[in-house]
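Visitor: This is the structure I have questions about; it appears just below.
The values are calculated or read from the model by the stated rules, or taken from the named source; none is laboratory data. Predicted model only: the values in this text are computed from it and were never measured. Note: ideal-geometry Cβ built from the backbone for every residue, glycine included; neighbour counts use all protein chains shown.
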Amino acid sequence: MIQTDILIIGAGPTGLFAVFEAGLLKLKCHIIDALPQAGGQLSELYPKKPIYDIPGYPEVGAQELVDNLMEQIKPFQPGFTLGERAEKITKIDDKLFEVVTDKGTVHRAAVVAIAGGLGSFEPRKPQLPNIEQFEDKGLLYMVKNPAQFKDKRVVIAGGGDSALDWSIYLSDIAAEVVLVHRRNEFRGALDSVEKVQDLKSAGKIKLYTPYEVTKIEGDIQLKSLRLKSNQTETELDLETDFFIPLFGLTPKLGPIANWGLEIEKNAIKVDNTLDYQTNIPGIYAIGDVNTYPGKLKLILCGFHEATLMCQSAFARIHPDKRNVLKYTTVGGINGFDGSVKQAPKAVVKTID
Amino acid sequence: MIVSKEVRIQITDRNGTSHEVMAPTDLNMNLMEVIRSFELAEEGTIGICGGMAMCASCQCYVLSDHDLLHRGDEEEAMLSEAFNVRENSRLSCQIPINEALENLHIEIAQED
């Protein structure tokens, strides 16, 4: 079991910065994120794109901002549960929440701060009539355990980087790899496209373009796929052991929507006059995931919200302690790792 | 005083209801933003990536015969992976509002 002061859900810029503000108040944080890496949308959707409205940065790359935030919060030693989605919340008592992920990891904290952005990123499912019936019965939306494809036949659908990269990777493991894409053009890193071209020429990957999977067949286990050409309308059936559609990720609010929080316009309602607390005392929502009159979904607003949330969390965790705002220039940074950052002392000395 | 120009656009929402809106040509807006500003699709279900052609949540169909069927490269790539794509599909975030759009008629595609 993981125990901390503030449990943050979402490792985007707002969640990361909350660790810093909490650290200044000597509160420890742990972050859960469904993605395998920190950074949220910035790392997942647009790592190389520039951002122009971070105060003090005329221009900063999205991933660069994430890297900087990670560096900034390092002294406060945040814990991470990555690649897991926060699923269930239970109020143990007035001072303790328990959050369990889809993989069963248990976290306990006095305060929960939801910094979930647009929600957790989930695979986009192709619109095939009986698709759900074959999920985990030969149909997978992501590759977690490549070894399971050893000597099996695999059909991958999609035209982006993940479809290309997994086709390349699995061509070494699986008995047969078929890549289906509805266009002739692939959108991906040039070397991945070229590698697939080479593997196709070498007979290690079979390519069907411009084709689409239109039907899944099988009894309990998936057995075959119907493919249809987008050019000639020709249809063919392909026997396979696995079908992996890779059509990217889309954010969904997910289980958080069922936590008893007040939701409006796909966002969590909070008290913006004070501390961004939700209708459940002790649970806060900060950044893009919240809503209030005049809400702007901007990173800089998320930073502000995170800061006020931490002040309120402190009062909640230490009701008997007084707190006074300290400037980092004056007080410096005292990391939980023992590191100290401080403004250099002015020299007081007489000049003869 | 600057007289702001507006164009008339007909937007069919995801429930099939048609709305006529006046969209400003001088606010550097795109069609996805117009749809959001008039709240014609539920917040959180449109323009998820913010208008970078990196999701297909703002997909629309161009119903009138405006010359809008030329997609950009990134848009084309995104639409090649989206669902419910038709000949007349566009990402509305990639359509800037200008005077040529007078009497445009679009339909917002279903969520995927």
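Visitor: Pick out the one residue from B:SER37, B:SER92 that is among the polar types (S, T, N, Q), surrounded by fewer than 20 Cβ atoms within 10 Å (Cβ to Cβ) and more than 12 Å from chain A (Cβ to nearest Cβ).
Guide: B:SER37
Visitor: Six or more apart or on different chains, Cβ under 8 Å: which pairs go from a residue in the range A:319-330 that's within 10 Å of A:LEU25 (Cα to Cα) to one that's part of a loop (DSSP other than H, G, I, E, B)? Could you list them?
Guide: A:ASN323/A:LEU25
Visitor: Given the options B:LEU27, B:LEU40, name the one that is among the aliphatic types (A, V, I, L, M), out of contact with any Lys or Arg (no Cβ under 9 Å at 6 or more places or on another chain) and farther than 30 Å from A:HIS181 by Cβ.
Guide: B:LEU27
Visitor: For the range A:267-299, which positions are among the acidic types (Asp, Glu), touching a Gly at 6+ places or on another chain (Cβ under 9 Å) and surrounded by fewer than 21 Cβ atoms within 10 Å (Cβ to Cβ)?
Guide: Scanning the range A:267-299 gives no hits.
Visitor: Here is a follow-up. Being over 20 Å from A:LYS297 (Cβ atoms) and within 14 Å of chain B (Cβ to nearest Cβ) is the requirement here; does A:LYS28 meet it?
Guide: For A:LYS28, the condition - over 20 Å from A:LYS297 (Cβ atoms) and within 14 Å of chain B (Cβ to nearest Cβ) - is not met.
Visitor: Would you pick out the residues in the range A:194-228 that are within 21 Å of B:GLU81 (Cα to Cα) and aliphatic (A, V, I, L, M)?
Guide: Those that are within 21 Å of B:GLU81 (Cα to Cα) and aliphatic (A, V, I, L, M): A:VAL196, A:ILE205, A:LEU207, A:VAL213, A:ILE216, A:LEU225, A:LEU227.
Visitor: In the range A:126-224, which strands (runs of 3 or more DSSP E) lie fully inside it and hold 1 or more residues that are in contact with a Lys or Arg (Cβ under 7 Å, 6 or more places away or on another chain) and either over 23 Å from B:LEU79 (Cα atoms) or away from chain B (no Cβ under 14 Å) (or both)?
Guide: A:176-180, A:205-208, A:211-218
Yes/no per residue for (1) in contact with a His (Cβ under 6 Å, 6 or more places away or on another chain); (2) away from chain A (no Cβ under 14 Å); (3) surrounded by fewer than 16 Cβ atoms within 10 Å (Cβ to Cβ); (4) not charged (D, E, K, R):
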site	(1), (2), (3), (4)
B:GLU33	no, no, no, no
B:MET54	no, no, no, yes
B:GLY72	no, no, yes, yes
B:GLU81	no, no, no, no
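Visitor: Under the condition of being assigned to a loop (DSSP other than H, G, I, E, B) and either at pLDDT 95 or above or buried (at least 21 other Cβ atoms within 10 Å of the Cβ) (or both), which residue from the range B:103-112 is nearest to the other protein chains (Cβ to nearest Cβ)?
Guide: Residue satisfying both the conditions and the ranking: B:ALA109.
Visitor: Taking the stated definitions as given, is B:ARG86 loosely packed, with under 15 Cβ neighbours inside 10 Å, under 21 Å from A:ASN230 (Cβ atoms), of a type in the set (Lys, Arg) and away from every other protein chain (no Cβ under 12 Å)?
Guide: It is true that B:ARG86 is loosely packed, with under 15 Cβ neighbours inside 10 Å, under 21 Å from A:ASN230 (Cβ atoms), of a type in the set (Lys, Arg) and away from every other protein chain (no Cβ under 12 Å).
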